[in-house]
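Only one structure is covered here, and it is reproduced in the block below.
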Amino acid sequence: MLFDHCAECQRCCNVESGYPPLEITLTQREEKRLGSICIQIKCDHLGNQGCTLGDDKPFGCTLYPLSYNPQKQNFYFDADCPLMDVYIQGLADSQSEASAHLAKVTAGVAKLEKTDPVFLQQNFEVDKAYFDLKKITPFKTKTKSKKSSQKATL
């Protein structure tokens, strides 16, 4: 499974020495529930098998390794995540874990655009300052009516 690697890597939940702490952007609802999450060195919610919050983890963490720019309505990928190439290749298969992840976060973004657009902008600003973001250009699968595949921009 694609995201099984995350429990081993844990790069996204650790801050290398010399870098400033990473304040996880929270939605209004998450802030009420969790207060705040700031990663000084290692996230307090990181266990041996990954995030101990499970399905209750913040949307910004669920979104990762993606980042969403609400102004351009584009998704970006943290190029430092070792899953980048596999994830992007997986988008060519609508049944892949990468496609399921993208669909899940796209639905979450659509909801947040209506209920908490400030979160989306703040999250992108933090991501842009902290991560090496690369625009995603996934591959569309070939169809019988088209002779060549085209790249789509999210």
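The values are calculated or read from the model by the stated rules, or taken from the named source; none is laboratory data. Quick caveat: nothing in here was measured; it's all calculated off a predicted structure. Neighbour counts run over all protein chains shown; Cβ positions are idealised from the backbone, glycine included.
Looking only at the stretch 26-49, which residues are of a type outside the set (A, V, I, L, M, F, W, C) and surrounded by 20 or more Cβ atoms within 10 Å (Cβ to Cβ)?
Going residue by residue through the stretch 26-49, those that are of a type outside the set (A, V, I, L, M, F, W, C) are 27-33, 35-36, 40, 42, 44-45, 47-49.
Once the filter is applied, which keeps residues that are of a type outside the set (A, V, I, L, M, F, W, C) and surrounded by 20 or more Cβ atoms within 10 Å (Cβ to Cβ), the stretch 26-49 yields Thr27, Glu30.
Tally time: how many residues in the stretch 79-105 are within 13 Å of the chain's Cα centre (by Cα), closer than 25 Å to Phe119 by Cβ and touching a residue at least 24 places away in the same chain (Cβ under 8 Å)?
Matching residues across the stretch 79-105 total 11.
Out of all the residues in the stretch 20-51, which are farther than 14 Å from Asp116 by Cβ and not in a loop (DSSP other than H, G, I, E, B)?
Leu22, Glu23, Leu34, Cys38, Ile39, Lys42, Leu46, Gly47, Gly50, Cys51
Here is a check on your reading of the model: is Glu8 within 22 Å of Lys128 (Cβ to Cβ) and either charged (D, E, K, R) or in a loop (DSSP other than H, G, I, E, B) (or both)?
Here the answer is no, as Glu8 does not meet what is asked.
Take the residues in the stretch 49-78 that are closer than 19 Å to Leu2 by Cα and over 11 Å from the mean Cα position of the chain (by Cα); name whichever of them is modelled with the lowest pLDDT.
If we take residues in the stretch 49-78 being closer than 19 Å to Leu2 by Cα and over 11 Å from the mean Cα position of the chain (by Cα), then Gln49 is modelled with the lowest pLDDT.
Residues that are in contact with a strand residue (DSSP E or B) (Cβ under 6 Å, 6 or more places away or on another chain) and among the hydrophobic types (A, V, I, L, M, F, W, C): does the stretch 54-66 have at least one?
yes
Determine whether the stretch 19-33 contains at least one residue that is hydroxyl-bearing (Ser, Thr, Tyr) and either on the phi > 0 side of the Ramachandran plot or modelled with pLDDT of 95 or more (or both). Break it down into steps so the answer makes sense when it comes.
Step one: of the stretch 19-33, the residues hydroxyl-bearing (Ser, Thr, Tyr) are 19, 25, 27.
If we keep only those that are either on the phi > 0 side of the Ramachandran plot or modelled with pLDDT of 95 or more (or both) as well, we get 25, 27.
Yes, because at least one residue in the stretch 19-33 is hydroxyl-bearing (Ser, Thr, Tyr) and either on the phi > 0 side of the Ramachandran plot or modelled with pLDDT of 95 or more (or both).
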